[in-house]
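Note sheet for the following structure.
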Amino acid sequence: MATRETFTDEEWQDLQWALMLAGSHVTASDWPGWRKSFKEAAGGSRFLTLMQSSDNALVAALTSDQARRRPPDVSDRSTLAGEPALARIRAATALVREKAPEDLEDFRQVLLGVAQVMADEVDGTSEAEGLALERIREALA
């Protein structure tokens, strides 16, 4: 099982960005306004807090690390809802596939999980959010 030490600092940042972008991609795909977006983010945060006690060491470390920030090339709602976010998720998935293949399924599940929780958090999953979830599933393949 992989740990934080399995990855370089840059690679770890890429995994952190993918985790943040999975939820943000859903929110940005059907912008609910600031108030509802904060509620969605709170739901995602609760999910990630629960995942800190995962049996998977990589997932536990990734969700415990509070250094998640938005990558510089994904700076607004259009890039969060678009290809730049999905490209980062694909790259992180490829990185885990290469360096920690035994953790790949758990990594996929935590990214998809936070996205699903955020989609469901306010008024259920909209059609646009459902499409965003499908794009994330494809990026995680």
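The values are calculated or read from the model by the stated rules, or taken from the named source; none is laboratory data. A quick note: this is a predicted structure, and the numbers were derived from the prediction, not measured. Glycine also receives a Cβ, built like all others from the backbone with ideal geometry; neighbour counts cover every protein chain displayed.
Name every residue in the stretch 32-53 that is surrounded by fewer than 17 Cβ atoms within 10 Å (Cβ to Cβ) and among the hydroxyl-bearing types (Ser, Thr, Tyr), in order of residue number.
Hits for the stretch 32-53 are Ser45, Thr49, Ser53.
Among the residues of the stretch 102-116, are any touching a helix residue (DSSP H, G or I) at 6+ places or on another chain (Cβ under 9 Å), in a loop (DSSP other than H, G, I, E, B) and of a type in the set (Asp, Glu)?
no
With Ala119, Ala132, Ala87 as the choices, which residue is part of a helix (DSSP H, G or I) and within 19 Å of Leu15 (Cβ to Cβ)?
Step by step, each of Ala119, Ala132, Ala87 is checked, and only Ala87 is part of a helix (DSSP H, G or I) and within 19 Å of Leu15 (Cβ to Cβ).
Cβ contacts < 6 Å: first residue over 14 Å from Ser54 (Cα atoms), restricted to the stretch 98-121; second residue outside any helix (DSSP H, G or I), any location; separation 6+ or different chain. Result?
From residues that are over 14 Å from Ser54 (Cα atoms), the pairs are Ala100/Ala2; Ala119/Thr125.
Would you check if there is a residue in the stretch 88-105 being buried (at least 18 other Cβ atoms within 10 Å of the Cβ), small (Gly, Ala, Ser) and within 18 Å of Met1 (Cα to Cα)?
Within the stretch 88-105, one or more residues are buried (at least 18 other Cβ atoms within 10 Å of the Cβ), small (Gly, Ala, Ser) and within 18 Å of Met1 (Cα to Cα).
Of the residues Ser29, Ser24, which is of a type outside the set (Phe, Trp, Tyr), within 12 Å of the chain's Cα centre (by Cα), within 16 Å of Val114 (Cβ to Cβ) and surrounded by 13 or more Cβ atoms within 10 Å (Cβ to Cβ)?
Ser24
So that you can scan it fast, the table gives a plain yes or no per residue for (1) touching an Asp or Glu at 6+ places or on another chain (Cβ under 9 Å); (2) modelled with pLDDT of 90 or more:
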| position | (1), (2) |
| --- | --- |
| Leu48 | no, yes |
| Asn56 | yes, yes |
| Arg69 | no, no |
| Thr93 | no, yes |
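If you take just the helices (runs of 4 or more DSSP H) that sit entirely in the stretch 1-80, which of them hold at least 2 residues that are in contact (Cβ under 8 Å) with a residue 60 or more places away in the chain?
Ranges flagged: 9-29, 34-51.
At pLDDT 95 or above, closer than 17 Å to Leu58 by Cα and of a type in the set (A, V, I, L, M): does that describe Ala115?
No, not satisfied.
Conditions first: (1) more than 17 Å from Gln16 (Cβ to Cβ); (2) at pLDDT below 95. Leu80 passes all but one, so which condition is the exception?
(1)
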